[in-house]
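Q: Mind looking over this structure? Questions follow.
The values are calculated or read from the model by the stated rules, or taken from the named source; none is laboratory data. Every value quoted in this text rests on a predicted model; they were computed, and no experiment measured them. Reconstructed Cβ throughout: ideal geometry from the backbone, glycine too, with neighbour counts over all protein chains shown. We work out accessible area using only protein heavy atoms, side chains counted, and drop any ligands, DNA or RNA first. Shrake-Rupley method; radii C 1.70, N 1.55, O 1.52, S 1.80 Å.
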Amino acid sequence: MPQDPTERRVVVTGVPRRTRRTSGYYRPRTEIDEQTTLGHTYVRSLMRSQLRTALTVFTVLVLLVGPLPLVFLAMPDSAGLEWVALGFGIYPPLVLLARWHVRRAERNERDFVRLVEDR
C-alpha cells in the first residue's frame, strides 16, 4: 500500500548518546587545565627550566659587567678608552647573550609543548 503523502517520517538528530571511553588515554593538557598535582608538576618543570636559563644569563652578565668598575678605576683618566670598552667590548657579548637567552627560552617552551601535545 502506498503511504499517504501527508504522513511523513521525521528524523530527529541530536547529541550522540554513546561517548567513547577514554580510559587509559593520557592527556597532559587536561592535567594542566584541571590543575591536578601532575599538571602542577608539568608547569613547575617548565618554570624551573626557564629559571635555570635566566640564572645562567644573569651569572654570565655579572661576570662580564661586574669587574668593569674595577678595570675603569685601574685605568688612567681616559674617557675615550672607557667608551670604546663599553661600546665594542661589552655591547656585542650582551647582544649575543640576549639572543642566546631568547633562543633557549623558546626551545624550553617548544619542548614543553611537545611533551604536552605528543602523548
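Q: Looking at (1) modelled with pLDDT under 85; (2) touching a His at 6+ places or on another chain (Cβ under 8 Å), find the lone condition where residue 53 falls short.
A: (1)
Q: Same structure, new question: Step by step: first the residues of region 91-113, then only those that are surrounded by 13 or more Cβ atoms within 10 Å (Cβ to Cβ) and among the aromatic types (Phe, Trp, Tyr), then the one that is modelled with the lowest pLDDT. Which residue is that?
A: Checking each candidate, the answer is 112.
Q: Return the residue satisfying two criteria in turn: it lies in region 54-75 and is under 38 Å from the mean Cα position of the chain (by Cα) and in a loop (DSSP other than H, G, I, E, B), and of such residues it is farthest from residue 107 (Cα to Cα). Don't jump to the end; show me each part of the working.
A: Our first condition is that a residue be under 38 Å from the mean Cα position of the chain (by Cα); within region 54-75, this holds for 54-71.
Retained after the next criterion (residues that are in a loop (DSSP other than H, G, I, E, B)): 66-67.
Values: 66: 28, 67: 31 Å.
Filtering first and then ranking leaves 67.
Q: Would you be able to tell me the number of residues in region 25-42 that are hydrophobic (A, V, I, L, M, F, W, C) and either modelled with pLDDT under 80 or closer than 13 Å to residue 113 by Cα (or both)? Spell out how you get there, then give the answer.
A: Within region 25-42, the first condition is being hydrophobic (A, V, I, L, M, F, W, C), and the residues that meet it are 32, 38.
Filter once more, so that each one left must be either modelled with pLDDT under 80 or closer than 13 Å to residue 113 by Cα (or both): 32.
Going through region 25-42 one residue at a time, the tally reaches 1.
Q: For region 83-101, check the following and say yes or no: at least one residue is farther than 23 Å from residue 52 by Cα and charged (D, E, K, R).
A: Looking for residues that are farther than 23 Å from residue 52 by Cα and charged (D, E, K, R), one finds none in region 83-101, hence no.
Q: So, one more: Checking the structure you have, find out if any residue of region 76-86 is open to solvent by less than 50 Å² (accessible area, probe 1.4 Å), assigned to a loop (DSSP other than H, G, I, E, B), out of contact with any Cys (no Cβ under 7 Å at 6 or more places or on another chain) and at pLDDT below 90.
A: yes
Q: Can residue 103 be described as closer than 30 Å to residue 33 by Cα, of a type in the set (Lys, Arg) and assigned to a helix (DSSP H, G or I)?
A: Spelling it out, residue 103 is indeed closer than 30 Å to residue 33 by Cα, of a type in the set (Lys, Arg) and assigned to a helix (DSSP H, G or I).
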